[in-house]
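The values are calculated or read from the model by the stated rules, or taken from the named source; none is laboratory data. Here the structure is a predicted model, which is why all the values come from computation and not from measurement. In this analysis, Cβ positions are derived from the backbone assuming ideal geometry, glycine residues included, and neighbour counts consider all displayed protein chains.
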């Protein structure tokens, strides 16, 4: 979750301390030269990430996206299964009344 817009606006939640990058010391009000944004829920800006850390962040994002897609597919499958079961029950009930 990038907070570029929050950094640009300088808005924080009430009682929230200003974030500071633990590597370069930039803050929401004093960003790195050329700009930067927060990396997910860490206290490191994207300008300070190593190549390894960038790869890990990308992998984490892919896993989250895959999990979201999988959850949606399971929900759709459950809905179809429920519809099939309801149709089968209706057919069985209709056939038993003859």
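So residue 41 ticks every box in (1) surrounded by fewer than 10 Cβ atoms within 10 Å (Cβ to Cβ); (2) part of a loop (DSSP other than H, G, I, E, B); (3) over 21 Å from the mean Cα position of the chain (by Cα) but one. Which box is left unticked?
Unmet condition: (3).
Could you check, for region 5-12, whether at least one of its residues is surrounded by 10 or more Cβ atoms within 10 Å (Cβ to Cβ) and either at pLDDT 90 or above or touching a strand residue (DSSP E or B) at 6+ places or on another chain (Cβ under 9 Å) (or both)? If you could, list the steps in order and put the result at the bottom.
If we filter region 5-12 for residues that are surrounded by 10 or more Cβ atoms within 10 Å (Cβ to Cβ), which is where we start, we get 6-12.
In the following step, the residues that additionally are either at pLDDT 90 or above or touching a strand residue (DSSP E or B) at 6+ places or on another chain (Cβ under 9 Å) (or both) were identified as 6-7.
Taking every residue of region 5-12 in turn, at least one turns out to be surrounded by 10 or more Cβ atoms within 10 Å (Cβ to Cβ) and either at pLDDT 90 or above or touching a strand residue (DSSP E or B) at 6+ places or on another chain (Cβ under 9 Å) (or both).
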